[in-house]
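Below is one structure, written out as structure tokens, with a few remarks after it.
Values quoted throughout were computed directly from the atomic coordinates according to the rules given, and no laboratory measurement underlies them. This is a predicted model, so every value here is computed, not measured. Don't worry about glycine lacking a Cβ; one is built from the backbone with ideal geometry, like all the others, and counts go over all protein chains shown.
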Amino acid sequence: MEYKFYGWEHADAPAVTDEYGTIKTPLHLYDALSDLWCEYTCAPRMRKNWSRQVRTLGQCSITAFLAQDIFGGRVYGIPREGGNYHCYNVVGDCVFDLTSEQFGNEVLCYENNPEQFREVHFAKEEKRQRYEYLKNELKKRFSA
């Protein structure tokens with residue numbers, strides 16, 4: 001598979017859990033999620049623009065927190081218009097953004113951004129439900 005997400009070249013953070021079977025690196029997670037991201041897992045405000053060609057659209061926070069479950073580390077957010085944040089992962093020296101492709105050629109800044117917390121993001125019930133759906137689908141297909 002050809003990778004285009006930010007940090008793919010060094011996305012070698014090891015899994016800190018074996019709960020997801022063969023998913024051992026962020027590259028494996030990206031491969032698995034490429035078949036799982038869908039219109040339902042997309043943020044509701046972006047669904048009208050979601051397609052298989054732009055499958056990472058509206059998937060950032062649920063994907064970043066799922067990656068945190070598997071690889072540890074922290075989730076950070078790049079400030080966006082309207083007070084929203086685009087979430088990505090930092091595990092040690094490894095910085096990766098599995099959903100960066102949704103921005104096309106726009107260059108994002110991955111330095112000095114605020115940490116994001118699932119308690120804040122998942123206070124939105126629909127977001128928590130999308131995260132749980134993605135997590136359960138991943139477990140069904142890849143758990144040991």
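Collect the residues in region 55-97 that are among the hydrophobic types (A, V, I, L, M, F, W, C) and touching a Gly at 6+ places or on another chain (Cβ under 9 Å), keeping them in residue-number order.
Result: Cys60, Ala64, Ala67, Cys87, Val90, Val91, Cys94, Val95, Phe96.
With the checklist (1) surrounded by fewer than 14 Cβ atoms within 10 Å (Cβ to Cβ); (2) among the charged types (D, E, K, R); (3) in a loop (DSSP other than H, G, I, E, B) in hand, flag the one item Lys24 doesn't pass.
(1)
Here are the criteria: (1) surrounded by 20 or more Cβ atoms within 10 Å (Cβ to Cβ); (2) of a type outside the set (A, V, I, L, M, F, W, C); (3) within 20 Å of Cys109 (Cα to Cα). Tell me which single one Arg55 does not satisfy.
(3)
Answer yes or no: is there a residue in region 41-48 that is among the β-branched types (Val, Ile, Thr), under 20 Å from Tyr131 (Cα atoms) and touching a Gly at 6+ places or on another chain (Cβ under 9 Å).
Yes: region 41-48 contains one or more residues that are among the β-branched types (Val, Ile, Thr), under 20 Å from Tyr131 (Cα atoms) and touching a Gly at 6+ places or on another chain (Cβ under 9 Å).
Considering only region 64-118, state which residues are aliphatic (A, V, I, L, M) and farther than 27 Å from Leu138 by Cα.
Val107, Leu108, listed by residue number.
Which of the residues that make up region 1-21 are surrounded by fewer than 18 Cβ atoms within 10 Å (Cβ to Cβ) and part of a loop (DSSP other than H, G, I, E, B)?
Within region 1-21, Met1, Glu2, Tyr3, Lys4, Asp12, Pro14, Val16, Thr17, Asp18, Glu19, Gly21 qualify.
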